[in-house]
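S.K.: Submitted below is the structure of interest, expressed as C-alpha cells.
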Amino acid sequence: MIQADYLAKHFKDRKRGTFKALDGVSFEARAGEVFGLLGPNGAGKTTTLRVLATVLKPTGGTARIGGVDILRDPGRVRRQIGFTSGDMGQYGRLTPLEALSFFARLNGLEGKSLRSRLDDVIGRFGIASYANTKIDKLSTGMKQKVAIARTVIHDPPVLILDEPSSGLDVPASRLIEEFILSAKQTGKCILFSTHIMEEAEYLCDRIAVVNRGRVTAMGTMDELRSLTGKQRLREVFLALLGIEENAPGAVA
Amino acid sequence: MSAKIASVIYRKEMLELLRDRRTLISMVLVPLFALPILFGVMSLVLEWQQKEAERDSYIVAVNPACGKMMETVLAAAGFRIKPAAQARRAVESKAVAAALDVTVANGSKQYVVYSDRTRPSSSIAGERMSVTLAAMKEVSVRQSLRGTGISEQVLTPFTVRAVNVASERKMNGLLLGSSLAYLVVLLMFTGAMYPAVDTAAGEKERRTLEALLCSPAGRDEIVLGKVLACATASLLTAVLAMASLVYSYRYMRFGIVPDATNFNPLDPRTFSLILLSVAPISVLAGSLMVAVSLFAKSYKEGQSYLTPLLMAVLFPAVLGTLPGLELTPALALVPIFNVCQIVKEIFVGTFSPAAFATACAANLTYATLAFLAATRIFRSEGVLFRV
C-alpha cells in the first residue's frame, strides 16, 4: 500500500546551510499492517509522513500509495489517505458535524452518501450527543474523537498518523490504540510515528527506526530483538541508535 | 482547479468568519455605526463652533482715535464695541474678535482692521468689519460726488452676477463622492484585513492548515476559497459603508450643504455602477492581504504585516480625493486612485464609460496578479511551514 523509495528531503537554512532531513528513506507498508516509525526528535519521522501525505515535496526519490505516485498525482494520493498528528488543531468555531461535513465534501461526498457516512462515523465514535456543539467547547477526549472521525470520514485505505497520542492522557491514548487496531482489522494500512515505546510494541507489526534521515533498522519486533540482542523495545531502540542504557550520557 | 472544492472551502471560511467577533466588528459594526457616529459628533461640534463663532464675532474693539462717528456706524451694524487704545493687542489677547485702529499713510487716514485668521470668530469679525467699512467708504464717496455734479453711476459701470451651472445633485455628488470613495476604499481594506489574517496566519496559529493541506483540495483551490471569503467581507464592508455614509450625509448637516434630505444618490443605477467598480478592488484587497498574512505565523504577526499595506493604500486613496485631478487614460491605470476617481465621477454624474472600463479592467488585472502571487506563496513550503 505504501512504497517509499529513497525519499530525500533537503531544507535550505541560512544558519545551517543545506540540511538533509531525509537521506534516502525506503520502506514498504502493507494493507492490514500497522507499520511504526520510531526515531529521536529531528530524525525525520514527521518529514517522512508529510512527504507521503504530499504536504512536502521530496527533493529526491518518490513513493507510491495504493499504486499512485506521490509526485505524479498528489491529489489522488490524498484521496487515499487519512492524516492526523498529535499537534494538529481543529476548527474550533465549527461544530463536529460541520467540520466532518466539510472534510467529507472535500473528499467528494455529497447528498445521500454524505449523510449516511456522517451518520455512520458520528455513531461509531459516539459523537452524536455533541455533534452540534462548537469544537472549542469540547473536552480533549471529545476533540480527539472528532479528530479521528475526520481522518476516516472518507474511509481511506491508508492512515498516516504522526504521534497521534502525544500529549494525551491514558483514556484518550487508549482511544487511539483501539482505533488503530480496529482499522487494522478492516484491512487498512496504518503508518504511524510515536515516541511511546509501549504503544509501538503493542500495536506495530513492523517497525522502522529512523535516525538522521535514514532508516537504520527495520523488521518485526522479533527481528529487531535478534538484531540487537535486547528484549524491550526501549532497549532495542537505544541500541539501534548506538546509545546503551545506563551508560554515561545515555538517554534516561 | 475545481470550482466545487473552492466553493466548499469558501463556505467553510465564511461560516468561520461570521462566528468571529473581530471580523464581525471590522466587517459590520465599524462601517455601519462608526461613520454615522463620527459624522454625528462632527456635525454637532461644527454646529456648536459655528454658533460660538457667530456670537463672538460681534465683540470688537475700536481705538477711540477712530472717532465717535466710526463707533456709531459699527454699533449700527450690530457690533458690540469695547474701547481699546492698543487694538492689535486686544485681538492677540483674545479679548475681542477683531479690532479697528487708525493711522496716517501717505497723508491720508488709513483704518487698520486687526483679526486672527486662525480663529473662526476673529476671521468672521474681520471680514464683517471690512465690509462695513467698505460700505461706509462708498457712502462717503457718493456724498462727495453729489456736490460735484458727477453722476453716482460712475461708481457702478457694470455689475457682476456669478452663476453656478452645477446642479444641486452635482454639488452634492461632488461632496459625497470625494469623501465616500476614500472612506469606502479604505474600509474595504480594513474589512478584508481580519478575515485575511484569520484564514491565513490564524489557520497556521491554530494548527488547522495541515489537515486542509492533506485533503484532496489543491493549493489553488484553497487560496481561491480563502481569497473569495476575504473579498466577500471586503465587498460587504463597502456596501454597508456606502449605505451608512449616504444616510449620514442626508440626515446630518455639516454646514456645507444646507439641506440634502432630497438627495438620493444611491439609486439602483448608481449603486450597481459603484458595486461594479469596487468589486475588483475587493478581490485585490483579499488577494493582497491573504498573500501578505501567509508569511505570518500568528494572528498578531499577521496584523503587523498588514499595517504597512493599509498605509500604502492610504496614499493613492487620499490622492483620489484631491479636487481638480481628472481620470486620464494613464491615471485610470493607477490602482486605488482610479476607483476613488470613478466613484466620485459616478456620484457627480460625469463619468466616462471608457475611463470606467479602463479602470475596471486595470483593477481586475491587478486583482488577478495578486491572486496568482497568493497562490504562488501558498505553494511555498518555506512560507507554510515557517517555524
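The values are calculated or read from the model by the stated rules, or taken from the named source; none is laboratory data. It should be emphasised that the depicted structure is a prediction, and the values quoted were computed from it without experimental measurement. Note that we place each Cβ from the backbone using ideal geometry, even for glycine, and neighbour counts take in every protein chain shown. Ligands, DNA and RNA are excluded from the accessible area calculation, which covers all protein heavy atoms including side chains. Shrake-Rupley method; radii C 1.70, N 1.55, O 1.52, S 1.80 Å.
S.K.: Tell me which aspartates and glutamates have Cα within less than 14 Å of A:Lys9's Cα, excluding those fewer than 8 residues away on the same chain?
M.R.: Within the straight-line cut-off, A:Lys9 pairs with A:Asp23, B:Glu381.
S.K.: Now for a separate question. Connecting C-alpha atoms closer than 10 Å in a GNM of chain A, tell me which of A:Glu163, A:Glu178, A:Glu33 has the biggest fluctuation.
M.R.: Judging by the Gaussian network model, the answer is A:Glu178.
S.K.: Next question. At a Förster distance of 41 Å, what's the computed FRET efficiency of B:Ala76 paired with B:Leu38, Cβ-Cβ distance as r, to 0.05?
M.R.: Details: r = 43 Å, r/R0 = 1.05.
That gives a FRET efficiency of 0.45.
S.K.: Something else now. In degrees from 0 to 90, rounded to the nearest 10, what is the angle of the helix B:35-56 Cα long axis to the longest principal axis of chain B?
M.R.: Between the helix axis and the principal axis of chain B, the angle is about 10 degrees.
S.K.: Using Cα atoms only, what is the angle between the long axis of helix A:170-185 and the major principal axis of chain A, expressed in degrees (0 to 90) to the nearest 10?
M.R.: The two axes meet at around 90 degrees.
S.K.: Per the Cauchy relation, a quarter of the hull surface: what is the mean projected area of the convex hull of the alpha carbons in segment A:85-155, in nm²?
M.R.: Numbers: hull surface 17.3 nm².
Seen from a random direction, the Cα hull of segment A:85-155 projects 4.3 nm² on average.
S.K.: Give the aspartates and glutamates whose C-alpha is closer than 17 Å to that of A:Lys145, dropping any in the same chain fewer than 8 places away, or say none.
M.R.: A:Asp87, A:Glu98, A:Asp119, A:Asp120, A:Asp136, A:Asp155, A:Asp162, A:Glu163, A:Asp169, A:Glu177, A:Glu178
S.K.: Next question. Largest first, please: the extent of the C-alpha atoms of chain B along each principal axis, to the nearest Å.
M.R.: 102, 44, 38
S.K.: Shifting gears a bit: With every protein chain kept in the model, how would you rank B:Thr23, A:Thr140, B:Thr132 by accessible area, 1.4 Å probe, largest at the top? Could you put the intermediate results ahead of the total?
M.R.: Numbers: B:Thr23 0, A:Thr140 90, B:Thr132 25 Å².
Per-residue accessible area, sorted high to low, gives A:Thr140, B:Thr132, B:Thr23.
S.K.: Separate question: Taking all protein chains as present, what is the carbon and sulfur share of the accessible area of the protein assembly as shown, in % to the nearest whole number, probe 1.4 Å?
M.R.: On the way: 17730 of 30640 Å².
Looking at the protein assembly as shown in its full context, I get 58 percent from C and S.
S.K.: Still on this structure, please answer the following. Looking at the square roots a ≥ b ≥ c of the eigenvalues of the Cα gyration tensor of the protein assembly as shown, which shape do they give, rounded for a/c under 1.5, prolate if a/b is larger than b/c, or oblate? Walk me through the numbers before you get to the answer.
M.R.: On the way: a/c = 3.59, a/b = 3.03, b/c = 1.19.
Prolate, because a/c is 1.5 or more and a/b exceeds b/c.
S.K.: Continuing with the same structure: Which pairs, out of A:Lys143/B:Lys4; A:Lys12/A:Lys45; A:Lys57/A:Lys143; A:Lys20/B:Lys300, put more than 21 Å between their alpha-carbon atoms?
M.R.: Values: A:Lys143/B:Lys4 28 Å; A:Lys12/A:Lys45 18 Å; A:Lys57/A:Lys143 30 Å; A:Lys20/B:Lys300 32 Å.
Beyond 21 Å: A:Lys143/B:Lys4; A:Lys57/A:Lys143; A:Lys20/B:Lys300.
S.K.: Counting only DSSP beta bridges with both residues in the protein assembly as shown, tell me the antiparallel percent, nearest 5.
M.R.: Details: 30 of 56 bridges.
Bridges in the protein assembly as shown that DSSP calls antiparallel: roughly 55 percent.
S.K.: Here's something else I'd like to know. Between the helical axis of A:96-106 and the dominant principal axis of chain A, each derived from Cα atoms, what acute angle in degrees is found, rounded to the nearest 10?
M.R.: In chain A, helix A:96-106 runs at an angle near 80 degrees to the longest axis.
S.K.: How far apart, in nm, are the 7 Å Cα→Cβ label points at A:Lys137 and A:Arg115?
M.R.: My value for the distance between the label points is 2.6 nm.
S.K.: Provide the per-residue ³J(HN,Hα) series for segment A:11-21, in order, calculated from phi with Karplus coefficients 6.51, -1.76, 1.60 and θ = phi - 60°, each as a whole number of Hz, with x at glycine and proline positions.
M.R.: 10, 9, 10, 4, 7, 8, x, 7, 10, 8, 6
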